[in-house]
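*Asks:* One structure is given below, represented as structure tokens, and several questions about it will come after.
The values are calculated or read from the model by the stated rules, or taken from the named source; none is laboratory data. If you're wondering where the values come from, they're calculated on a predicted model, not measured in any experiment. All Cβ positions, even for glycine, are placed from backbone atoms using ideal geometry, and neighbour counts span all protein chains on display.
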Amino acid sequence: MSTESFPELEFERARLTRARACRDSMIDRLGTVDPSSAADEITSEYIEMTVWEALDSLRSPGAGDFFGRIDEPSPTTGESEEWYIGRRHIEDERGDPVVVDWRAPISAPFYRATAIDPLGVTFRRRFTLSEGEMTAYLDEHLDDPDADGSVAAGIPDPVLAEIGAERSGAMREIVATIQGEQDIVIRADIDQALIVQGGPGTGKTAVALHRAAFLLFEHRARLARDGVLVVGPNQAFLDYISNVLPSLGEKAVRQCTALDLCIPKVEVTGIDEPEAARWKGSAERLAEIEERALAAIQPPDDDVVVPLGARKFTFEASLIAEWIETAKDGIVPINQRRERLRVLAQQELRRRCNGDDRWREAGPLKTALNKCWPTQKPVKLVDQYLDGPRGKKRAWTPADQFLVDEANTLLNGTPFTYAHVVVDEAQDQSAVALRVIGRRSPAGSLTLVGDVAQSTTPAGQERWADVFAHLGSGRSGAGVDGTIADLTIGYRVPEPILTVANRLLPLTGVDATPSRSVRVDGEAPSWRHTSPDELPSAVAATVRDVKHRHRLTGLVAPVELHDSIGAALAEVGLVAVDHVHELGHDDVPIFTAEAVKGLEFDGVVVAEPHTILDATPATRGARLLYVAMTRAVQELAFVTSGDKPAVIDVG
Ligand SMILES: Nc1ncnc2c1ncn2[C@@H]1O[C@H](COP(=O)(O)OP(=O)(O)OP(=O)(O)O)[C@@H](O)[C@H]1O
């Protein structure tokens, strides 16, 4: 690129060189820190750890670079100040900032300033770096929008180019191109349950992960101590997002599924029928399990006689029943409430023994009380609640496992909590699963992102307003405080595909606003008709064609076709795989519409869309096809042996 089009390119390149040199000096300075000179071992360990983390962060790719610049008048002198925005904070030898961290408050206007509301920014510059070299920049004069057309034109071309760039199969960070409505969500207050509703490709996953990184920056001490948890729907999805937080410099975040959180573990081998999953996932189960746990605590049938030396003490069944009632009425976990019963019994014994130390030997009373109030085990409690066939081993299902976690909390308390919890594809969690997640953040500090139009599990959520109640971790039934934010602009799916997919929305049975795409170019979905016999080979041929144009090509098909399509793919030299990380050249990820959620591919082939649409209930079919169609970044091809569903037939 010629420097003529970019008169300040040399100047900015020199700034970049200086930023990198300052980064190198920071690394050198950190290298000279000697933790062993600290006053004590704990301080020394702390220093060693802090230095190690800082070095690791500064050595990560792009750490010394910046991607943006904003100019604004200094609040004190009024003179124009320039701020360079990058992935890490870089300072010079005197400690003056050379690059500010994208998460610092000073960086927010870089993302949010518009011609209408410039937020004090007079000028914004976005840099293009290619293989480490600065090749171009784009200017916006926010104090004089007529000076260039780009501000008024919406999203600038380099940003669009970045958004439409070929995918690698792993999700990437988007710090250089975060958009205004996304930035507002990323920097929202930590002390709340924030629910983010947005159509496919509006950046919910990206925003949720960048929010985690932002909160770790903004509340470092609190979050480093108590940890951050990211909950995703399945392992393929967790693999897909696994690099984003480390590349943002945050390595100590736990990423797992809601099922992984459950304690104690049962061996999950079964799958529930939808009706059973719905029943087990519903919030009503909780009260019933509690009722059952409390019903297991019963007063004795007879009075309890305790011989102590030559004397006998009789404890009336009615008295013990009174103690039990008092002890039951606590707020601590049920197994711990028994302690109160023990105290009440001891007090009475002591009183009756009147100074005789042998009250401690009242074994029969202890035995009787243990029988009345046994220590209950969560797995057994749920097994009995579900009324398993006696003697037959239960094939535990995911929904059962969530109930076991609920029972464990009821009986023993919550085992492990986090300072902040992020949940992706939150619409698919049942009420019981949301409680499992919610109690991992007793302070109610959560970010849930999802799309009710993509809710396809039997006990999933269809109205976000209901979700706050489920997230309440206490037994009082009170929910958590929170807000619902919307993301409306899509960055994945090209407009010609999104327009067709949005036609399914009225059939989804939920109240979801169609998102619009920033990516106006592209083709409407293509169709290939074939016979049922030829379907696998037609799918394989289509995949091969699409894969010529887009290396990252994914396939969505009903599960019963996976084997035959896999065999047909093998015949054309392609390999069906069920993951998206570390893909080989000839690998073709194949998923059901349910499992492809959250993922994306440059090219997407959907087999037998009418079968996907025919799922029951009809709203679920529409949601599944909506999910499948909205995975495409560049191209969508249907292959079918059936009718073209009228709803997506645009002629
Ligand atoms: N501001 C942005 N700059 C660049 N790319 C972006 C931006 N926002 C989103 N993207 C990209 O758009 C794609 C879709 O984002 P993401 O997967 O976060 O959307 P989503 O709302 O979670 O979608 P779904 O509902 O399908 O799960 C991703 O490739 C993401 O990197």
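*Asks:* If you check every pair at least six apart or on different chains, which have Cβ atoms under 9 Å apart with a residue in the range 571-593 that is of a type in the set (D, E, K, R) first and a residue that is assigned to a strand (DSSP E or B) second?
*Replies:* Close Cβ pairs (under 9 Å, with a partner that is assigned to a strand (DSSP E or B)) amount to D578/P589; D578/I590; D578/F591; D586/V575; D587/V575; D587/A576; D587/V577.
*Asks:* Determine whether L229 is outside the structural domain of G598 (by the TED database), modelled with pLDDT of 90 or more, more than 14 Å from the ligand (Cβ to nearest atom) and surrounded by 17 or more Cβ atoms within 10 Å (Cβ to Cβ).
*Replies:* yes
*Asks:* Starting from the range 264-277, keep only residues that are at positive phi, then list their pairs with residues that are assigned to a helix (DSSP H, G or I) and loosely packed, with under 12 Cβ neighbours inside 10 Å whose Cβ atoms are within a distance under 6 Å, requiring at least 6 positions of separation or different chains.
*Replies:* No pair meets every condition.
Matching residues to (1) surrounded by 12 or more Cβ atoms within 10 Å (Cβ to Cβ); (2) part of a helix (DSSP H, G or I):
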| site | (1), (2) |
| --- | --- |
| R20 | yes, yes |
| D28 | no, yes |
| A39 | no, no |
| E45 | yes, yes |
| E53 | yes, yes |
| D56 | yes, yes |
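*Asks:* Select the helices (runs of 4 or more DSSP H) contained entirely in the range 397-512, then report the ones holding at least 2 residues which are within 23 Å of A208 (Cβ to Cβ) and more than 14 Å from the ligand (Cβ to nearest atom).
*Replies:* 398-412, 431-438, 467-471
*Asks:* For the range 239-276, which residues satisfy the criterion of being among the hydrophobic types (A, V, I, L, M, F, W, C) and over 21 Å from V175 (Cβ atoms)?
*Replies:* C256, A258, L259, L261, C262, I263, V266, V268, I271, A276
*Asks:* How many of the residues making up the range 605-651 are within 14 Å of the ligand (Cβ to nearest atom), touching a Pro at 6+ places or on another chain (Cβ under 9 Å) and either on the phi > 0 side of the Ramachandran plot or not aromatic (F, W, Y) (or both)?
*Replies:* Residues in the range 605-651 being within 14 Å of the ligand (Cβ to nearest atom), touching a Pro at 6+ places or on another chain (Cβ under 9 Å) and either on the phi > 0 side of the Ramachandran plot or not aromatic (F, W, Y) (or both): 10 in total.
*Asks:* Quick test of your reading of the structure: V647 fulfils all but one of (1) in a helix (DSSP H, G or I); (2) buried (at least 17 other Cβ atoms within 10 Å of the Cβ). Name the failing condition by number.
*Replies:* (2) is the only condition that V647 fails.
*Asks:* When you go through (1) touching a Ser or Thr at 6+ places or on another chain (Cβ under 6 Å); (2) in a loop (DSSP other than H, G, I, E, B) one by one for L583, which number turns out not to apply?
*Replies:* Status for L583: all satisfied but (1).
*Asks:* Then there is this: Could you go through the range 624-641 and let me know if any residue there is surrounded by fewer than 17 Cβ atoms within 10 Å (Cβ to Cβ) and either at pLDDT below 95 or closer than 21 Å to S455 by Cα (or both).
*Replies:* no
*Asks:* Continuing with this model, one more query. For residues that are β-branched (V, I, T) and more than 16 Å from T630 (Cα to Cα), tally how many sit in the range 520-561.
*Replies:* 6
*Asks:* For the range 280-304, which positions are in contact (Cβ under 8 Å) with a residue 40 or more places away in the chain and within 29 Å of S455 (Cα to Cα)?
*Replies:* Within the range 280-304, K280, G281, S282, A283, R285, L286, E288, I289, E290 qualify.
*Asks:* Just to be sure I understand, how many residues within the range 190-220 are of a type in the set (G, A, S) and within 11 Å of the ligand (Cβ to nearest atom)?
*Replies:* Going through the range 190-220 one residue at a time, the tally reaches 6.
*Asks:* Taking I324 as the residue in question, decide whether it is under 11 Å from L369 (Cα atoms), touching a residue at least 24 places away in the same chain (Cβ under 8 Å) and in a helix (DSSP H, G or I).
*Replies:* It is true that I324 is under 11 Å from L369 (Cα atoms), touching a residue at least 24 places away in the same chain (Cβ under 8 Å) and in a helix (DSSP H, G or I).
*Asks:* Is it the case, given these coordinates, that R172 is touching a Lys or Arg at 6+ places or on another chain (Cβ under 9 Å), among the basic types (K, R) and touching a residue at least 24 places away in the same chain (Cβ under 8 Å)?
*Replies:* No.
*Asks:* Can you tell me which residue is nearest to A622 (Cα to Cα) among those in the range 579-593 that are within 16 Å of the ligand (Cβ to nearest atom) and crowded, with 21+ Cβ neighbours inside 10 Å?
*Replies:* A593
*Asks:* A further question follows. For the range 1-27, give me each residue that is closer than 13 Å to I90 by Cβ and charged (D, E, K, R).
*Replies:* Of everything in the range 1-27, those that are closer than 13 Å to I90 by Cβ and charged (D, E, K, R) turn out to be R15, R18, R20, R23, D24.
*Asks:* Right, here's the next one. Among the listed residues V196, V185, V207, V175, identify the single one that is over 27 Å from P589 (Cα atoms) and part of a helix (DSSP H, G or I).
*Replies:* Only one candidate qualifies: V185.
*Asks:* I would also like to ask the following. Take the residues of the range 599-623 that are hydrophobic (A, V, I, L, M, F, W, C) and part of a loop (DSSP other than H, G, I, E, B): which is surrounded by the fewest Cβ atoms within 10 Å (Cβ to Cβ)?
*Replies:* Among them, the one singled out is A615.
*Asks:* Take V253 and tell me if it is modelled with pLDDT of 95 or more and buried (at least 17 other Cβ atoms within 10 Å of the Cβ).
*Replies:* When the stated conditions are applied, V253 does not pass them.
*Asks:* Could I ask something else about it? Sort out which residues of the range 563-576 are surrounded by fewer than 18 Cβ atoms within 10 Å (Cβ to Cβ) and either under 30 Å from T619 (Cβ atoms) or within 29 Å of the chain's Cα centre (by Cα) (or both), and write them in order of number.
*Replies:* Those that are surrounded by fewer than 18 Cβ atoms within 10 Å (Cβ to Cβ) and either under 30 Å from T619 (Cβ atoms) or within 29 Å of the chain's Cα centre (by Cα) (or both): D563, S564.
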